[in-house]
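Here the structure is laid out as structure tokens; the discussion comes afterwards.
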């Protein structure tokens with residue numbers, strides 16, 4: 001599958017939403033084409049350590065997104081809202097003349113099992129966060145049984161640095177994600193955690 005790639009300083013998980021403001025012509029053209037063809041594009045975390053002279057480095061594992069809303073903003077920029085659909089891995093990519101990257105990607109499968117009893121504390125934590133901050137997540141109670149959905153929402157909401165979020169996105173098993181988050185939360189609680 002070939003898709004345009006958009007390197008950003010953020011990590012988005014499947015079913016997560018993100019607002020973007022665009023001003024570069026290559027990305028405005030990309031969005032126009034996506035809206036015209038009802039297709040999406042790939043969000044990848046920029047990798048500052050791999051930046052090269054003529055381009056930008058990015059992590060090869062990202063999230064395929066679809067545009068769910070758009071608007072011309074008062075400052076003249078194009079505002080879009082996207083929702084994550086599937087994780088993908090970039091197999092290879094090329095830069096077009098306008099420096100838009102087009103990647104040949106493989107969409108990744110998600111484990112869609114129910115949350116085991118031993119991990120129910122994560123469901124309770126997400127419910128508590130949703131109630132406290134009045135998040136719309138609480139309106140979909142059936143999702144609080146799904147391990148992948150819970151791990152994705154917590155990875156978005158908890159105060160982990162961007163590198164940890166990328167590591168979480170790259171994990172194929174939702175229970176491994178939850179175990180990793182538990183270890184990070186213990187470090188945060190003990191004061192040992194510092195953003196890199």
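Yes/no per residue for (1) at pLDDT 95 or above; (2) closer than 21 Å to residue 163 by Cα:
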{"position": "60", "(1), (2)": "yes, yes"}
{"position": "70", "(1), (2)": "no, no"}
{"position": "73", "(1), (2)": "no, no"}
{"position": "82", "(1), (2)": "yes, no"}
{"position": "86", "(1), (2)": "yes, yes"}
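Specify which of the listed residues (27, 64) is surrounded by 12 or more Cβ atoms within 10 Å (Cβ to Cβ), at pLDDT below 95, at negative phi and not assigned by TED's automatic domain parsing to the domain that holds residue 148. Give the derivation first.
Working: 64 fails: at pLDDT below 95.
Just one listed residue meets the conditions, 27.
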Practice task
Test each condition in (1) under 23 Å from residue 10 (Cα atoms); (2) at pLDDT 95 or above for residue 117 and report the one that comes out false.
Solution key: (1)
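Kindly provide the set of residues from the stretch 68-88 that are farther than 14 Å from residue 16 by Cβ and more than 13 Å from the chain's Cα centre (by Cα), ordered by number. Walk me through how you get there before you give the answer.
First pass over the stretch 68-88, keeping only residues farther than 14 Å from residue 16 by Cβ: 69-80, 88.
Of everything in the stretch 68-88, those that are farther than 14 Å from residue 16 by Cβ and more than 13 Å from the chain's Cα centre (by Cα) turn out to be 69, 70, 71, 72, 73, 74, 75, 76, 77, 78, 79, 80.
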Problem - Filter pass, residue 82 being in a strand (DSSP E or B) and under 30 Å from residue 145 (Cβ atoms) - result: yes
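The values are calculated or read from the model by the stated rules, or taken from the named source; none is laboratory data. Small disclaimer: the values here were computed from a predicted structure and weren't measured. Positions of Cβ are generated from backbone atoms using ideal geometry, with glycine treated the same way; all protein chains shown enter the neighbour counts.
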